[in-house]
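FYI, it's all coordinate maths here, none of it is from the lab. Just so we're clear, the structure is a prediction, and the values are computed from it rather than from any experiment. Reconstructed Cβ throughout: ideal geometry from the backbone, glycine too, with neighbour counts over all protein chains shown.
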Amino acid sequence: MFNDLKNNIRASILPLVSWIPLSPNSLTIIGLLVSIWAAYQFAKGDLFGGALLILFSGFFDMIDGAVARAKDCMTPFGAVLDSVCDRYADAIIFIGIIYGSITGSIMQTTLMEVDLWVWVIFAMIGSYLVSYIRSRAEAAGVSSMNIGIAERPERMILLVAGALTGYLGESVVIIVVLTHITIVQRVLHAKKALA
């Protein structure tokens, strides 16, 4: 959903990023480190700080590819590193929220009689399956799997919105629902494409 917007922003900033002295892989690693910092903020209960750091991490996630294009240094390894760092960043942020929820740093909400940390685990499972299905289907020969209503940018925006508004639990539940809908969308798309 937001991938088109992300690609348009990358294309528009392409002329502006060639001056950045860091390599795309360095920017990817910095984005991961910022995500780890975000997870720490969530673990200690600072939802506002965690949300801002997710946005800051997203900035690095957006410009690493733009820098690679601007400097004409796109590599298969860079794409793998970016994907691995994105998965690690997702997991560490969710783990920070789980830790904050269990220790009481984040107000423990019970939604539909289920503790927040349980919902976060299901959000993490859904997030990983969305990414896994794309990788597996593309490896099997499906040309494009950029479909679904809950790709990574949407999930991160929902987390940020929930943290900033005080509805973190509700946003996590929405992520659970949307990621599992996306899983079904991608499986059906892969079935159709591979038939």
* **Between the range 106-152 and the range 55-99, the alpha-carbon center distance in angstrom** => 17 Å
* Only Cα pairs under 8 Å and at least 6 apart count here; give the relative contact order of the chain as a rounded whole percent. => 24 percent
* Between Val184 and Ile125, with labels modelled 7 Å along Cα→Cβ, what's the label distance in nm to one decimal, could you check? => 1.6 nm
* Taking 0.36 nm per intervening residue step and subtracting the Cα-Cα distance, what contour gain separates Leu33 from Asp72 on full extension? -> 11.6 nm
* Per residue of the chain, what 222 nm ellipticity follows from adding -39500 (n - 2.57) for every DSSP H run with n ≥ 4, rounded to the nearest 500? -> -27000 deg cm²/dmol
* Asked: Say R0 is 22 Å: what FRET efficiency, to the nearest 0.05, do Met107 and Ala161 get from their beta-carbon distance?
  -> 0.85
